[in-house]
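Following: one structure in C-alpha cells, then a few remarks.
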Amino acid sequence: MEKFYKELLENNKKWVVKMLDKDPQFFERLSHGQQPPILWIGCADSRVPANEIIGALPGEVFVHRNIANMVVHTDMNMLSVLDYAINVLKVSHVIVCGHYGCGGVQAAMTNKHIGLIDNWIRHIKDVYRFHQDELNAIEDEKTRFDRFVELNVKEQVLDLAKTSIIQNAWGKKQNIHVHGWVYDIHDGIIKDLMVSIKSNESLSQVYQLDL
Ligand code: CO
C-alpha cells in the first residue's frame, strides 16, 4: 500500500512529461481558464472515472460525482456545480452517467441498514417506489437490478430538468441538452438511454415553471 501511494506522485511526473511531449503548450494553455462543453454527473465508484472512459482531456469535462449519481434538489454541492456549469461555464450538455453493478442502487433494493448513508440511499428508494410496479414484475434479480439502474438515471435526468437552474436557462433560450447514460462495468461500454431532454415541456405539468 505504501508503495502504491508513492507511485502516485511518480506517475504524475511521468504523465506531465508525456503530456508535454505531445503538446508543449498543454498546461500553459489550460492555465488561462476552462471552457468545458460538458457537465458530468456520475457515481463516486472508482471503476467509473469520468474523463478516462470517454477519452476526454483535462479542460473538457466539468465533473460532479456522488454515490449513485443522484440529483437531489436540496443538495447545495450539486446545485452549486450545476449553477456554475450552466450560468458561468455555459456548458451545452449535461450527462447523468449511472453504471450497472452500482452498490448504491443495489443497497436501495434491500432493507439493509448500513449507517448514515441510509439517508442518502433513501432518495434511490423513492425512485424504486415510483417504478415499483415495473420493477416488482421482473423476477430475475439481476435483470431487475439493471433496470433499476436505468430508471434511476432516467429519474435524475428529469430531476435536473425540474431544477430552476436548468429551466431558467431554457427560458433564456440557452441551448442545453440533458442526457442519461449507463456505463457497463463488465465491458466498458456506455449505453445511451435516449432520454435526452432539451425543454421543460417533457416534464409533468406541475413541475413546469413559468419563464
Ligand atoms: Co455506483
Taking neighbour counts of Cβ atoms within 10 Å as a proxy for exposure, in what order, fewest first, do 15, 120, 181 appear?
15, 120, 181
Quote the FRET efficiency, to the nearest 0.05, computed for residue 113 versus residue 19 with a Förster distance R0 of 41 Å and r equal to the Cβ-Cβ distance.
0.35
Sum of -39500 (n - 2.57) over DSSP H runs of 4+, divided by residues of the chain (222 nm, nearest 500):
-13000 deg cm²/dmol
³J(HN,Hα), Karplus 6.51/-1.76/1.60, whole Hz, each residue of the stretch 89-101, x for Gly, Pro:
6, 6, 5, 10, 10, 10, 10, 9, 10, x, 8, 5, x
Calculate the spin-label point distance for residue 74 paired with residue 196, positioning each point 7 Å from the Cα along the beta-carbon direction, and give it in nanometres.
3.4 nm
Among the DSSP beta bridges whose two residues both lie in the chain, what percent are antiparallel, rounded to the nearest 5?
20 percent
I need to check one value: relative contact order of the chain, counting alpha carbon pairs closer than 8 Å and at least 6 residues apart, in percent.
19 percent
Paramagnetic reach from residue 131 in the stretch 92-106 [backbone N under 20 Å; point 7 Å along Cα→Cβ]:
94-106
Which of rounded, prolate or oblate describes the chain when judged by the alpha-carbon gyration tensor and an a/c cut-off of 1.5?
oblate
Loop only by DSSP, 15 or fewer other Cβ within 10 Å of the Cβ. Give me the trypsin sites (Lys or Arg not before Pro) in the stretch 1-73 that pass, ordered by residue number.
47
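Among the GluC sites (Glu not before Pro) within the stretch 138-211, which fall in a DSSP loop and have no more than 13 other Cβ atoms within 10 Å of their own Cβ?
The qualifying sites are 139.
A short reminder: the numbers here are calculations on the coordinates, not readings from a lab. Keep in mind that this is a model prediction, so the values were computed, not measured. Using ideal geometry, Cβ is built from the backbone for each residue, glycine included, and neighbour counts are taken over all protein chains shown.
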